[in-house]
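The values are calculated or read from the model by the stated rules, or taken from the named source; none is laboratory data. Since the model is a prediction, treat every value here as computed from it, not as a measurement. Positions of Cβ are backbone-derived with ideal geometry, glycine not excepted, and every protein chain shown enters the neighbour counts. Ligands, DNA and RNA are stripped out before the accessible areas are found, and what is left, the full protein with its side chains, is counted by its heavy atoms. Shrake-Rupley method; radii C 1.70, N 1.55, O 1.52, S 1.80 Å.
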Number of protein chains: 2
Amino acid sequence: MSDTIAIASPADFHVHLRQGDLAALVTKHVRQGGFRLAYVMPNLKPPIANAEEALLYKAQLQAIDPTIEYLMTLYLSPDLTPDEIRKAKRAGIVGVKSYPRGVTTNSDGGIESYETYYPVFEAMEQEDMVLNLHGEIPSDAATNTCVINAEPAFLPHLRKLHARFPRLRIVLEHATTRAAVECVKSLGDTVACTITAHHLVLTVDDWAGQSWNFCKPVAKFPDDRQALRDVIKEGHPRFFLGSDSAPHPPHTKSTATPVHACAAGVYTSPILLPLVAQVLESFGALDRLEGFVSTNGRIFYRASASAGENVVIRKVQGKRVEEKWVEGEQSVVPFWAGRDLSWEVVE
Amino acid sequence: MSDTIAIASPADFHVHLRQGDLAALVTKHVRQGGFRLAYVMPNLKPPIANAEEALLYKAQLQAIDPTIEYLMTLYLSPDLTPDEIRKAKRAGIVGVKSYPRGVTTNSDGGIESYETYYPVFEAMEQEDMVLNLHGEIPSDAATNTCVINAEPAFLPHLRKLHARFPRLRIVLEHATTRAAVECVKSLGDTVACTITAHHLVLTVDDWAGQSWNFCKPVAKFPDDRQALRDVIKEGHPRFFLGSDSAPHPPHTKSTATPVHACAAGVYTSPILLPLVAQVLESFGALDRLEGFVSTNGRIFYRASASAGENVVIRKVQGKRVEEKWVEGEQSVVPFWAGRDLSWEVVE
């Protein structure tokens, strides 16, 4: 194995870039982490509801860092119409993100059942837009559903949607279970799946009492993590990186009061490509790096890499991850803060 | 239902009273919480290894509050001999606590396999001492074991011990799963089980990102919680309260750094009897209160209640739980801090 690796224009197909001062801080971390494309989540306050808002948000991000390609999404809600889908398509919007109600950050307006959205999905299928699914059902003691089994319990919805809209491209986001991996593999070529960097590292034990590793969906059993690793090692073309990198003010991550839990989210953007390289190397899949962080996702999204956009990483002896990034009053603490990485991006 | 209930000498068959200044603060909370007997855990620093240390510890606790009956335990380790068991029995020590290595607070000296302890267990069986089992196996990715399935994975050890030592009284401590409840029910009359107050309330979702609700064993699925509630509602005589109330300095409960997780433990002592009454009432088992917090455990432990030790609780309109108890430099935050209870102990 060479000491350097060149990757054609790495693409992060699921990232939270936020708004205002926090966006100013974290949007620059996409490039710093070795990436050239950001597939941008719409769960702002208020959520991105239509093409006009998405274009405005895109312009704000471009003003912060014009060197990144931003693929924009809308937030699925009852206000979204087939007409708006067609308008969004003409405006270059790529996807629509569905959040189940209340399961993660800014998802209070999330969906409760899919049937009411069938006209929207029909328009998306016709327009060839992508449906991005946060694949969890809300917790419910009556059905024994909690954060551990919320993803497997969602999979029948995915199967049903795919059966009803076989030509609609669907991405199951941030899969965390063997059941999800097997489900996506069993479905047609229009169904893909993102995997985060941190879910390749963590299991339940890592977030039990450790809020810095707490995110939604939560990391699951060791065997689930193994399934995520195996499908990458196999080089399956419908599985690719979506970091779900999600910045939160540090005190909301570190400290719980008896009445306020910590925020859900793991922030990986500034170290993303070295982190993924190190993790894939740890389970013998470094040869799958370019497929996982670029080729597979770009093919599924029909987002070809621009010429001359190779990013090079090189092996290093312990590059310490910053404890914190600060800009003005905003700050973020990255995953693996204070630990050493064995790869770095060549500037 | 009357507005007051008298309970014959409530007994907490699993409690952590700690050492030094912290013991001075929390030992008094046993009585404040409505209890008259404390079955005291031996996981001090260093652990209680022999009869002499247990008697010294008991004297320290009696000096803090002489009105409580303290039943003392030893910490199972390779240093414990059959001779020491016989000596402990003569000294009035009641039980021996087994911790799997590294799974909870101060368990670094815990056991790895039971066979080497068979001579000790034989002596305990002869002397009629009680074996208290923390029923979890250590996490291990190779066997897909993590905090969620660590208890069910332990149950074969319980079955094997009971088969080998059928007359040895064994208590599976702080059961959290349907599998554990069903296992204990299926075994003979020498096997009992404690249940905490907080595991009757919490599920995984409650400690995900909320370190104040994080303890070991962790709370499990809603269906597991239902099994704990059902076996109490059924009035099964081999299931009784062991609070596992475990105080920690508040900052170690509230705040995680990227390298230090929060401490595991939920502190219920000062509100224990009202809390248990409210929780049992919530699932229609208030008529089982005396059995659960006194009779069942006292029969199993052959620890009859002294005459005139009734404790009375009465219904109240929202009695606020203190945010914090402070004494000198020590402080503790109770479970349900700032929330309202619907029962109180009549002083």
In square nanometres, what is the average projected area of the Cα convex hull of the stretch B:166-291? 8.5 nm²
Given the -39500 (n - 2.57) contribution per DSSP H run of 4+ residues, what per-residue ellipticity at 222 nm results for chain A, rounded to the nearest 500 deg cm²/dmol? -8000 deg cm²/dmol
Given the protein assembly as shown, what percent of its DSSP beta bridges are antiparallel, to the nearest 5? 35 percent
Based on a Kirkwood Rh over C-alpha pairs, give the Stokes-Einstein translational diffusion coefficient of the stretch B:60-212 at 25 °C and viscosity 0.890 mPa s in µm²/s. 147 µm²/s
Each label sits 7 Å from Cα toward the beta-carbon; between A:Asp189 and B:Thr252 the label points are separated, in nm, by 5.8 nm
Counting only heavy atoms of protein chains, what accessible area per residue, in Å², does the stretch B:11-309 have with a probe of 1.4 Å? 34 Å²
Please work out how much accessible surface B:His157 shows to a 1.4 Å probe, ignoring ligands, DNA and RNA, in Å² rounded to 10. 80 Å²
Checking B:Ala337, B:Ala88, B:Ala246 against a Gaussian network model of chain B (alpha-carbon springs below 10 Å), the top fluctuating residue turns out to be B:Ala337
Inter-label distance for A:Lys319 and A:Gln60, nm, one decimal - labels placed 7 Å from Cα along Cα-to-Cβ: 3.0 nm
Phi-derived 3J(HN,Hα) across the stretch A:41-49 with the Karplus relation (6.51, -1.76, 1.60, θ = phi - 60°), rounded Hz, x for Gly and Pro, is 6, x, 8, 7, 10, x, x, 6, 9
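Where in the stretch A:290-334 are there trypsin sites (Lys or Arg not before Pro) that are in a DSSP coil and have at most 12 other Cβ atoms within 10 angstrom of their Cβ?
A:Arg302, A:Lys324
Kindly work out what percent of the DSSP beta bridges joining two residues of the stretch B:11-309 are antiparallel, to the nearest 5. Spell out each step's value before the answer.
Numbers: 1 of 27 bridges.
So the antiparallel bridges in the stretch B:11-309 amount to around 5 percent.
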Per residue of B:140-153, other chain Cβ atoms within 10 Å number on average 4
State the three equivalent ellipsoid semi-axes of the protein assembly as shown, derived from the C-alpha gyration tensor as the square roots of 5 times its eigenvalues, in descending order and whole Å. 52, 26, 23
Cross-link partners of A:Lys87 among aspartates and glutamates (Cα-Cα below 18 Å; sequence separation of 8 or more within a chain): A:Glu52, A:Glu53, A:Asp79, A:Glu122, A:Glu125, A:Glu127, A:Asp128
What aspartates and glutamates does B:Lys185 reach when the alpha-carbon gap must be under 13 Å and sequence neighbours fewer than 8 apart in one chain are set aside? B:Asp230, B:Glu234
Label-point separation in nm, B:Ala91 to B:Asp340, each point 7 Å along Cα→Cβ: 4.9 nm
With a 1.4 Å probe and every protein chain left in place, tell me how much accessible area A:Lys216 has, in Å² to the nearest 10. 50 Å²
Check A:Lys216: other-chain or 5+ apart residues with amide H under 5 Å from its amide H, H built from backbone geometry? A:Gly265
Given q = 0.14 Å⁻¹, what are the Debye log10 I(q)/I(0) values for the stretch B:1-149, with equal point scatterers placed on the Cα positions and solvent ignored? -0.73
Using the Karplus equation 6.51 cos²θ - 1.76 cosθ + 1.60 (θ = phi - 60°), what ³J(HN,Hα) coupling, rounded to whole Hz, does each residue of the stretch A:188-197 give in order, writing x for Gly and Pro? x, 5, 7, 10, 10, 8, 9, 10, 8, 5
Using the Kirkwood formula over every pair of different C-alpha atoms, what hydrodynamic radius in Å results for the stretch B:11-309? 19.1 Å
Selection of GluC sites (Glu not before Pro), the stretch B:245-312, meeting DSSP coil and at most 16 other Cβ within 10 Å: B:Glu309
Reach of A:Lys28 by Cα under 13 Å, taken over aspartates and glutamates that are not fewer than 8 positions away in the same chain: A:Asp65, A:Glu69, A:Glu327
Please work out the FRET efficiency for the pair B:Ser304 and A:Arg159, using the Cβ-Cβ distance as r and a Förster radius of 51 Å; give the result to the nearest 0.05. 0.25
